[in-house]
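Heads up, the thing below is written out as structure tokens.
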Amino acid sequence: MALSQGKIQQQASLSVMQMAKGTVQQQGDALVNLLSSTNLSAIQHAAQPHLGGSVDIKI
């Protein structure tokens, strides 16, 4: 009984790790596509999204 539970836990852990690996792979592919694009402003905005969103003016 304990051996079966251990095997199930191991399989569940392996499944979770495989899902996480898939997510990281997709994120890495998206990053490579972004960096290989020629749109420099998109890359800069992705790196620092808070910049350029508003302008403070005092008169």
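The values are calculated or read from the model by the stated rules, or taken from the named source; none is laboratory data. The structure displayed is predicted, hence computed values, not measured ones. Note that each Cβ is placed from the backbone with ideal geometry, even for glycine, and that neighbours are counted across all protein chains shown.
In the list 3, 31, which residue meets the criterion of being assigned to a helix (DSSP H, G or I) and either over 21 Å from the mean Cα position of the chain (by Cα) or modelled with pLDDT under 75 (or both)? If you could, list the steps in order and put the result at the bottom.
On the way: 31 fails: either over 21 Å from the mean Cα position of the chain (by Cα) or modelled with pLDDT under 75 (or both).
Just one listed residue meets the conditions, 3.
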Being outside any loop (DSSP other than H, G, I, E, B) and surrounded by 10 or more Cβ atoms within 10 Å (Cβ to Cβ) is the filter here; which residues of region 34-59 pass it? 34, 42, 43, 44, 45, 46
